Amino acid sequence: EARNYVECFATQDTAGWEVAKQRLVKLGTPAISVLFAAMQERPGAVAFNCQDVLKRMGPEALPPLVTEVRRGDAGYTARALDKRRLFRGQLIAVVGEMRAPGSAAALMDILREDSWATARRKAAFYLGELKDPAAVPILIETLRKDPSEDVRGMALGALKRCVERDLGPNPEVWEAWWKERQAGP
């Protein structure tokens, strides 16, 4: 049933897309594996609409999304790796854009643990979009220690958005400010 609804996304019937999205959301977690497969096999409108369905599913979709992102890239051939990474990047975007309870925690885990710099960069970006103060310590740590300059730069931008101030690129300055703020008046 889920496959039939996903097939609607390959048509030009945009009104039908909305009906298919609503039905897929109602199907819930059993439809997620079909959505994942379609995202990997059918770029463009099909993948985009599948991402939208996952976002609409909200918190119930978060555990399978996070599990799939954490599977990483090991075992993929060079030819399949680009496709796998595109898919993982799409899933990270869904996690960040769904703004479900647990999204920030999942993104913090990706930022802390993923070996792929692009995954960490995307996680930092979406943490900045979520503006969750709980992300500030991991963003400071990323600014201090991440081996990728791009990831450190994204962490700095995320910090600025999270706390709505610019303390510059020095992690020690951010850390001192955060400790002072946590101590209170």
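The values are calculated or read from the model by the stated rules, or taken from the named source; none is laboratory data. Please read all numbers here as calculations on a predicted model, not as lab measurements. Counting neighbours? That spans all protein chains shown, and the Cβs are built from the backbone with ideal geometry, glycine included. The accessibility values were calculated without ligands, DNA or RNA, using every heavy atom of the protein model including side chains. Shrake-Rupley method; radii C 1.70, N 1.55, O 1.52, S 1.80 Å.
Look at the dipole of the chain built from charges on Cβ: of Ala123, Tyr5, Trp17, the Cα furthest out on the positive end belongs to Tyr5. When +1 charges are put on Lys and Arg Cβ atoms and -1 charges on Asp and Glu Cβ atoms, the dipole computed for segment 1-130 relative to its Cα centre reaches about 240 debye. Solvent-accessible surface of segment 31-185, taken per residue with a 1.4 Å probe and all protein chains present: 49 Å².
Using square roots of five times the C-alpha gyration tensor eigenvalues, list the equivalent-ellipsoid semi-axes of the chain in whole Å, biggest first.
Numbers: eigenvalues 236, 66, 31 Å².
Sorted largest first and rounded, they come to 34, 18, 13 Å.
Find the Cα radius of gyration of segment 75-120, compare it with 2.2 N^0.38 Å by division, and give the number to two decimals.
Numbers: Rg = 11.6 Å, N = 46, 2.2 N^0.38 = 9.4 Å.
After normalising by residue count via 2.2 N^0.38 Å, the value is 1.23.
Between the listed residues Val66, Ala105, Leu86, the Cα displaced farthest toward the positive end of the dipole of segment 61-135, a dipole computed from Cβ unit charges relative to the Cα centre, is found at Leu86. The heavy atoms of Cys8 present about 50 square angstrom of accessible area, all protein chains included, probe 1.4 Å. Between rounded, prolate and oblate, where does segment 54-103 land on the alpha carbon gyration tensor, with a ≥ b ≥ c its root eigenvalues, rounded for a/c under 1.5, else prolate if a/b exceeds b/c? Because a/c hits 1.5 or more and a/b exceeds b/c, segment 54-103 counts as prolate. Spin-label model, Leu86 to Glu41: label points 7 Å out along the Cα-to-beta-carbon direction sit 1.6 nm apart. The fraction of accessible area contributed by carbon and sulfur in the chain is 51 percent, rounded to a whole number (1.4 Å probe; ligands and nucleic acids excluded).
Please compute the alpha carbon radius of gyration of segment 79-180, then divide it by the globular-protein estimate 2.2 N^0.38 Å. Two decimals is fine.
On the way: Rg = 13.3 Å, N = 102, 2.2 N^0.38 = 12.8 Å.
My calculation over the Cα atoms of segment 79-180 gives 1.04.
Projected label points at Lys145 and Gln12, each 7 Å from Cα along the beta carbon direction, are separated by 5.4 nanometres. Size of segment 139-185: Rg and Dmax of its alpha carbons, in Å, are 10.6, 36.
In order along segment 58-74, the Karplus-derived 3J(HN,Hα) couplings, from 6.51 cos²θ - 1.76 cosθ + 1.60 at θ = phi - 60°, round to x, x, 5, 7, 4, x, x, 4, 5, 4, 5, 4, 5, 4, x, 10, 4 Hz, and Gly and Pro are given as x.
PRE reach from Asp132 (point 7 Å along Cα→Cβ): which of segment 95-116 fall under 18 Å by backbone N? Taking a point 7 Å out along Cα→Cβ of Asp132, the residues of segment 95-116 whose backbone N falls under 18 Å are 95-114.
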